[in-house]
């Protein structure tokens, strides 16, 4: 094997093993920062040894064994007078003593991994820190990649990660998978982090940067893992369903020149049927759990309605309007009301939609949201109130941040409809 | 990147109709499938009945000609596939290496073509095709 081939092989092994490795080490050391360092040490050792000795038969087990030895070394070298660390060193040595690292590694590492996910998304951390830590520890992204993805300077991200690890260490978070009410709260935090990562990648605000689709991929991958680890939570399946269905529209949502294409104008032949099928299956799993649908399940159900319609005209707007109504009850927000207004305008009449919009028109949260006047203009135009519609389109154009969108709105503000 | 891991079991080309893998092999394969699922990379998977239950449609004479299986000339046939989404071909290879496959089995790794892989003219042609399909419905 050439050096380049070996490096590629190590990189692939690393990507597959990294999260499991850190998760296992975290249980042993009870310190996420130390666990990551040890995992990195093992990677460095692999980079030294594997090109000479060839890849081990079980690379994951090799990395774990190496990291463990380093952990023992380190802890022995460090303050042996500290009882706590003695105890940890003892744990590691005895666990090591049973000699069956392979079996342990193949053992259900589910709890360790879930624990790592929970720690990375711990509510004690700021949202930004949770995103960065999750991508770093679970996605295996480098600081540089994370910085690129979030359009943030690299040192900022590096510092964010260091601080997050310090916060976790100082807070002495217990390293057990939480149960009961706390578990539900922690899962909610994880779901929020994954959806934020996904949306960061999905938002078409910053062009063709290759890092951004990767964020979507990573969020979906982690949600798929979570759905295996926490199958009893309908919201986990709901979020996965929502992301799979949204991802199915990737190829259809921008024109060749980068112009965003709205859902109803998209060429549905370009929707990815496989992802839709996966999304619908995840939604079915959520619904089979027979619980009152939460916000992700409802959003997924809305996305599924669109996905099931072969043409925009075939959309079942009555159900969508109802689902938005349920969503607004759970998580009231003027943005949801705006979406409900659109659904109602199709299901019922443009006038009914307009009535909803006029109730939320003064919401400060929508003050600079170009879609409000844009949708209002649309409905006014449908009602034949063209002068008012043009004013709304002009207002929408002045608020739009995307150039192409602004051009389209400007055209409508001066045009015949 | 999406990859197909194509399972090619030697001997399957002559397998009798209704041939099924034994329970033990399935058990091991299910463990592997779960591992793929737990890693969040599994997109789809299927197993295929032997070619003796299938048919081939060939076009050598310009007209379709149907031959029922098994196909005497076939040396390698598909037994099933996994579709996985990973970051590199190397990662796909690494996953294939972990498969509990027997000595008679081959896994071929092939990247799935995405719309973005095509040159613009092909993309345009495909997009036009989609619109035709939509208009028909």
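Things worth noting here:
- Compared with the direct C-alpha span, the chain from residue A:72 to residue A:385 gains 105.0 nm at full extension, assuming 0.36 nm per residue.
- Computed [θ] at 222 nm, deg cm²/dmol, chain A (DSSP H ≥ 4; -39,500 (n - 2.57); rounded to nearest 500): -23500 deg cm²/dmol
- Spin-label model distance (nm) - residue B:89 vs residue A:264, 7 Å beyond Cα toward Cβ: 4.5 nm
- Ranked from largest, the principal axis spans of the Cα set of segment B:2-136 equal 49, 42, 26 Å.
- Exposure proxy ranking, count of Cβ atoms within 10 Å, fewest first, for A:48, A:17, A:287: A:48, A:287, A:17
- Beta bridges per DSSP with both ends in the protein assembly as shown, % antiparallel, nearest 5: 100 percent
- Cα-based helix-to-principal-axis angle, A:386-399 vs chain A, degrees rounded to 10: 30 degrees
- Stretch gain in nm, segment residue A:355-residue A:58, where the contour uses 0.36 nm per residue and the Cα spacing is subtracted: 100.5 nm
- Segment B:2-136 - percent relative contact order, Cα under 8 Å, separation 6 or more: 40 percent
- Neighbour counts of C-beta atoms inside 10 Å place A:146, A:276 in the sequence A:276, A:146, starting with the fewest.
- Taking label points 7 Å from Cα along the Cα-to-Cβ direction, residue B:59 and residue A:176 give a separation of 6.5 nm.
- Centre-to-centre, using Cα atoms only, segment A:301-365 and segment B:43-76 are separated by 49 Å.
- Spherically averaged projected area in nm², based on the convex hull that wraps the Cα atoms of chain A: 23.8 nm²
- Listing B:97, A:165, B:87 from fewest to most neighbouring C-beta atoms within 10 Å gives B:97, B:87, A:165.
- Nearest-ten-degree value, helix A:3-29 long axis tilted from longest Cα axis of chain A: 80 degrees
- With a simple spin-label model that places each label point 7 Å from the Cα along the Cα-to-Cβ direction, the separation between residue B:123 and residue B:31 comes to 4.5 nm.
- For chain A, the longest principal axis of the C-alpha atoms and the axis of helix A:371-382 are separated by about 30°.
No lab work stands behind these numbers, since they all come straight from the coordinates. On a predicted model such as this, the values are computed, not experimentally measured, just so you know. All Cβ positions, even for glycine, are placed from backbone atoms using ideal geometry, and neighbour counts span all protein chains on display.
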